[in-house]
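Structure, as structure tokens:
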Amino acid sequence: MRYLSTRGHPDRKRFCEILLEGLAPDGGLYLPEHYPQVDTATLARWRRLPYAELAFEILSLYVDDIPPADLRALCARTYTAEVFGTPEIVPLKRLEDGLYLEALSNGPTLAFKDMAMQLLGNLFEYELGRRGEQLNILGATSGDTGSAAEYAMRGKQGVRVFMTSPDGRMSPFQQAQMFSLLDANIHNLAIRGVFDDCQDIVKAVSNDLAFKRRYRIGTVNSINWARLLAQVVYYFAGWFQATTADDQRVSFTVPSGNFGNVCAGHVARMMGLPIERLVVATNENDVLDEFFRTGIYRVRPGAETHETSSPSMDISKASNFERFVFDLLGRDGERTRALFADALPRDGRFVLSADPAFAQAATRYGFASGRSTHADRLATIRDTWQRLGTMVDTHTADGLKVAREQLQPGIPMLVLETALPVKFAATIVEALGREPQRPAKYDGIEALPRRVTVLPADVQQVKAYIAAHCA
């Protein structure tokens, strides 16, 4: 298997090369040259596999430069009941007729990002050890990616983490999770701005090839293909739990800001998993919903990015969206580059409304979308608790609200849970008048000592910090 850039760079690379690289040299994102196809006979064979074995089978289709025995051992070490709380790893819960919740938040940081990040940590340590090299990870987080990455990488040999986050824009619990980590290889950088400023810094550093090579910069954001690939597995796992026949179709609703989580669903669907719809649920920062409704992709400046009660989706530039647009445009790298490298920086938007390909977003690729507001979140949290006895976090509530609008008779709808309610306690209290349950290991986390450096939204200052701490 070889990987190509969405912007047409001629190089073709293997999995372990792009694992440590992040963005392609031309600023594009890596995708496989083709999506391996999975037929009903293969689905039947995979149906009874434990999660770690399922992960191995799927990853094996994309990873041919790690010996199979080693890859199987990495999956087995990652996906355990001790780490994720249950033997199923991602248990499926029926809420009501046709509507299910797939639990993805039982990992160390109580968010779905653990599903991929725990594997990524083990892959990094394995490959760096094999090469005798070190890696400096630069990331951006709107809340959950940061803590998931830091908990996965803390103490790992050969790895340092430099994690940017928007200063003051995460929930108190999210801030405490990250900033209370005092490990020597973990560096938290609070950026005065919004998440998109953090993400722009990561991309700018990644596009400075000389700096990137000198300081061995990698990334754990979902621009890293390995992380997205790991997320593909739980679409298969959810589908197996929701179906009995190997050709039965289901739909997924995915709360989404950066398009990484739902892009993994797109990959699963392209592989042949019988997915009817992939429903993108946004909050008030509805860039993605606007595109799927109108064909207009319009990013918002920081001043127009709303601060909401589902803060991990307070994003106005969806990095992984480029991967889908590349597929939507028939894998035309030159045209994708023109949209994302030229039109978007120049105009702040691009328009595909009149392009025949736009209609295929729904008809060929199964995408639909919807939007949720703070009032919707409160109403959904309250209803789901009072009527169904299940407490959900704010982002999952966005997903449930939109999922109900997209239900189809006879087709199960699986909503991907994004985090446990304790991470967004203030809104839970507002909705229910009670505190969410907190795992005992997190008691008093807000009072722990913290280590964080506040910086302006300035690429050069972030580079200077990295250089000073890589000596």
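What follows draws every value from the coordinates through simple rules; no lab data is involved. The shown structure was predicted, so the numbers you read here are calculated from the model rather than taken from an experiment. Methodologically, a virtual Cβ is constructed for each residue, glycine included, from the backbone with ideal geometry; neighbour enumeration extends over all protein chains shown.
Values as computed for the structure displayed
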{"item": "Over 22 Å (Cα to Cα) - which of K113/K463; K401/K423; K13/K317; K113/K156; K212/K423; K203/K401 fall in this group", "result": "K113/K463; K13/K317; K212/K423; K203/K401"}
{"item": "Reciprocal mean inverse distance between Cα atoms of the stretch 255-309 - Kirkwood radius, Å", "result": "12.5 Å"}
{"item": "Mean shadow area of the stretch 66-181, taken as a quarter of the surface of its Cα convex hull (nm²)", "result": "9.0 nm²"}
{"item": "Spread of Cα-to-Cα distances over 5 Å intervals beginning at zero, given as percent, for the stretch 115-185", "result": "3, 17, 29, 24, 15, 7, 4, 1"}
{"item": "Extension gain (nm, one decimal) between Q37 and Q134, 0.36 nm per residue minus Cα-Cα", "result": "31.4 nm"}
{"item": "Beta bridge orientation in the stretch 101-245: antiparallel %, DSSP, nearest 5", "result": "0 percent"}
{"item": "Loop-resident sites, the stretch 1-81, for GluC sites (Glu not before Pro), counting at most 13 other Cβ within 10 Å (DSSP)", "result": "E33"}
{"item": "Convex hull per residue volume in Å³, alpha carbons only, for the stretch 222-265", "result": "65 Å³"}
{"item": "Cα-based Rg and Dmax for the stretch 129-169, where Dmax is the largest Cα-Cα distance (Å)", "result": "11.7, 39"}
{"item": "Normalised convex hull volume, the stretch 181-227, alpha-carbon set, Å³ per residue", "result": "113 Å³"}
{"item": "The stretch 78-121, Cα convex hull volume normalised per residue, Å³", "result": "66 Å³"}
{"item": "Compactness of the stretch 4-63 as Cα Rg over 2.2 N^0.38 Å, two decimals", "result": "1.40"}
{"item": "Distant-in-sequence amide H partners of T164 (H built 1.01 Å from N, under 5 Å)", "result": "G139, A140, T141, L189"}
{"item": "Spin-label pair R213/H306, simplified geometry with 7 Å Cα→Cβ offset, distance in nm", "result": "4.5 nm"}
{"item": "Over the chain - Rg/Rh using Cα atoms and the Kirkwood inverse-distance radius", "result": "0.93"}
{"item": "Longest to shortest principal axis, alpha-carbon extents of the stretch 11-130, angstrom", "result": "49, 34, 31"}
{"item": "Positive-end extreme of charge dipole, the chain - chosen from G348, G193, A24 (charges on Cβ)", "result": "A24"}
{"item": "Share, in percent, of DSSP beta bridges within the chain that are antiparallel, nearest 5", "result": "25 percent"}
{"item": "When the convex hull of its Cα atoms is projected in every direction, mean area for the stretch 242-365 (nm²)", "result": "8.1 nm²"}
{"item": "Binned Cα-Cα distance frequencies in the stretch 156-297 - 10 Å width, integer %", "result": "10, 29, 33, 22, 7, 0"}
{"item": "D_trans [Stokes-Einstein, Kirkwood Rh over alpha-carbon pairs] for the stretch 329-471, 4 °C, 1.567 mPa s, µm² s⁻¹", "result": "65 µm²/s"}
{"item": "Average projection area in nm² (convex hull over Cα atoms of the stretch 93-143, one quarter of hull surface)", "result": "5.3 nm²"}
